[in-house]
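Asks: So that we are looking at the same thing, I have put the structure below in structure tokens.
The values are calculated or read from the model by the stated rules, or taken from the named source; none is laboratory data. Predicted model only: the values in this text are computed from it and were never measured. Glycine also receives a Cβ, built like all others from the backbone with ideal geometry; neighbour counts cover every protein chain displayed.
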Amino acid sequence: MTTRSPLNVLSDLQMLVSELEHDLGLADLGQIERKVLLAIADVAAKNGSAQTHDVLGHSLLRSFSRPSLFRALKELTDEGKLLKVTDKRGYYAPNI
């Protein structure tokens, strides 16, 4: 029996994630849009919805600038992949 290296395991996981993103219709999104959507799904799973400040502080999004995150939120909302949950500004839920 051969032992798989951590790099081989990571490669397998990346391929699985890529297939799942394709199945969910996320393959056409950019990296930031995918990560924003995942961050919102994570927060919304715990709280019912995600507020903008929770999204901006999420660990998946630390490497992105604030303006880039707001552009991604707008793009995802315009594409129908995010829903505004209340009449109040800044409450989102995934729409996938």
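Asks: Here are S18, S11: which of them is assigned to a helix (DSSP H, G or I), of a type in the set (S, T, Y) and at pLDDT below 95? I'd like the intermediate steps shown before the answer.
Replies: Values: S11 fails: at pLDDT below 95.
That would be S18, the only listed residue that is assigned to a helix (DSSP H, G or I), of a type in the set (S, T, Y) and at pLDDT below 95.
Asks: Collect the residues in the stretch 42-96 that are of a type in the set (A, V, I, L, M, F, W, C) and touching a His at 6+ places or on another chain (Cβ under 9 Å), keeping them in residue-number order. Steps first, answer last, please.
Replies: Taking the stretch 42-96 as the starting set, the residues that turn out to be of a type in the set (A, V, I, L, M, F, W, C) are 43-45, 50, 55-56, 60-61, 64, 69-70, 72-73, 76, 82-83, 85, 93, 96.
Correct list: V43, A50.
Asks: Then there's this: Evaluate the following for E33: is it surrounded by 12 or more Cβ atoms within 10 Å (Cβ to Cβ), in contact with a helix residue (DSSP H, G or I) (Cβ under 8 Å, 6 or more places away or on another chain), without any contact (Cβ under 8 Å) to a residue 24 or more places away in the chain and charged (D, E, K, R)? Walk me through it before giving the result.
Replies: On the way: surrounded by 12 or more Cβ atoms within 10 Å (Cβ to Cβ): yes; in contact with a helix residue (DSSP H, G or I) (Cβ under 8 Å, 6 or more places away or on another chain): yes; without any contact (Cβ under 8 Å) to a residue 24 or more places away in the chain: no; charged (D, E, K, R): yes.
No: the conditions fail for E33.
Asks: Hey, can you tell me all the residues within the stretch 71-82 that are assigned to a helix (DSSP H, G or I), under 14 Å from the mean Cα position of the chain (by Cα) and not β-branched (V, I, T)?
Replies: Filtering the stretch 71-82 down to residues assigned to a helix (DSSP H, G or I) leaves 71-78.
Then drop every residue that is not under 14 Å from the mean Cα position of the chain (by Cα), which leaves 71-77.
Passing the criteria: R71, A72, L73, K74, E75, L76.
Asks: Kindly provide the set of residues from the stretch 49-70 that are without any contact (Cβ under 8 Å) to a residue 24 or more places away in the chain and either exposed (fewer than 15 other Cβ atoms within 10 Å of the Cβ) or outside any helix (DSSP H, G or I) (or both), ordered by number.
Replies: Of the residues in the stretch 49-70, the ones without any contact (Cβ under 8 Å) to a residue 24 or more places away in the chain are 54, 56-59, 62-63, 65-67, 70.
Answer for the stretch 49-70, where residues must be without any contact (Cβ under 8 Å) to a residue 24 or more places away in the chain and either exposed (fewer than 15 other Cβ atoms within 10 Å of the Cβ) or outside any helix (DSSP H, G or I) (or both): G57, H58, S59, R62, S63, S65, R66, P67, F70.
Asks: Hey, any hits in the stretch 1-21 for a residue that's under 18 Å from N95 (Cα atoms), free of Cβ contacts under 8 Å to residues at least 40 places away in the same chain and among the polar types (S, T, N, Q)? Spell out the reasoning first.
Replies: Let us first name the residues in the stretch 1-21 that are under 18 Å from N95 (Cα atoms), namely 20-21.
Pick out the ones that are also free of Cβ contacts under 8 Å to residues at least 40 places away in the same chain and you get 20-21.
Okay, now just the ones that are also among the polar types (S, T, N, Q), so none.
No: zero hits.
Asks: For the stretch 83-93, check the following and say yes or no: at least one residue is exposed (fewer than 15 other Cβ atoms within 10 Å of the Cβ), in a helix (DSSP H, G or I) and out of contact with any helix residue (DSSP H, G or I) (no Cβ under 9 Å at 6 or more places or on another chain).
Replies: Taking every residue of the stretch 83-93 in turn, none turns out to be exposed (fewer than 15 other Cβ atoms within 10 Å of the Cβ), in a helix (DSSP H, G or I) and out of contact with any helix residue (DSSP H, G or I) (no Cβ under 9 Å at 6 or more places or on another chain).
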